[in-house]
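Trainee: The structure is given below, and queries will be raised subsequently.
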Ligand code: HEM
């Protein structure tokens, strides 16, 4: 894996590099969650994958809604408004295919996802520059690891080529590497903002990572529960097990 922490240059770090450095510890924590490790090993089950997509859907819907709204009047946010990266519709297409047209009613929304959405709405209303921490954490992450994750998902979930994998397919982006370079250049522009603002972006990116970790941990809890439920042991009875750990409520239309 690439080293995300070292800089050999003596020049002062640009903001993009500072942000990467300041999130490297929490990034490592996210990579080490049981859910992500299982995903990378190819042992994720289709149900938990659907739950992951359903958890991310309201998050992207909120992020894209707030970015679009704020970009109209806020020149800093406008620099991070990339409609070509929007993931809400690809997520809907994947969910439709993998969970059926009724997915919004049948797949529960996890409490961790609701808390993540609440945070996005809160920062957008109170300190919009923090939204950049969320935009960074999800989109630059998706652009960085998406292709590898798509191949793993395709293999381990037994999906027909590309079916249900629109989330990883940035078909409106002609060149992923150039998109990442542009994104990082926009991050570097933030270096001219007051220190308090750049500190907020860094702080919020760490918060965004923690929200993602909370989703993975809830999915893990759920994975363990379904594993136990499916054990072929006479003393394991589904009726005796507690309700799912995710505090699920039926998904509302977003
Ligand atoms: C599946 C486990 C993961 C692996 C193996 C992984 C690996 C990587 C690697 C190698 C890079 C550097 C790519 C490059 O320099 O071009 C990267 C970047 C990034 N990843 Fe991950 N990642 C994982 C999970 C995540 C998660 C769960 C998130 C957040 C939700 C995330 C967010 C990011 C971000 C924001 C970047 C950009 C860093 C920067 O350049 O500032 N990653 N990841």
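No lab work stands behind these numbers, since they all come straight from the coordinates. Keep in mind that what you see is a predicted model, and the values were worked out from it rather than measured. Ideal geometry is used to build each Cβ from the backbone, glycine not excepted, and the neighbour counts take in all protein chains shown.
Trainee: Within the stretch 57-91, which residues have the backbone N less than 19 Å from the label spot 7 Å out from residue 189 along Cα→beta-carbon, could you tell me?
Mentor: Residues 64, 66-86 fall inside that zone.
Trainee: Let me ask something else about it. Quick one: if you stick a label point 7 Å off each Cα along the C-beta vector at residue 21 and residue 106, how many nm between them?
Mentor: 5.0 nm
Trainee: Right, another one. Sort 154, 189 so that the residue with the fewest other Cβ atoms within 10 Å of its own Cβ comes first and the one with the most comes last. Let's see the in-between values first.
Mentor: Numbers: 154 17, 189 14.
So the ranking, lowest neighbour count to highest, is 189, 154.
Trainee: Taking the Cα-to-Cβ direction at residue 126 and at residue 79 and moving 7 Å from each Cα, how far apart do the two end points lie in nm?
Mentor: 2.5 nm
Trainee: Right, another one. At a Förster distance of 35 Å, what's the computed FRET efficiency of residue 89 paired with residue 203, Cβ-Cβ distance as r, to 0.05? Write out the running numbers ahead of the final one.
Mentor: Values: r = 30 Å, r/R0 = 0.86.
Calculated value: 0.70.
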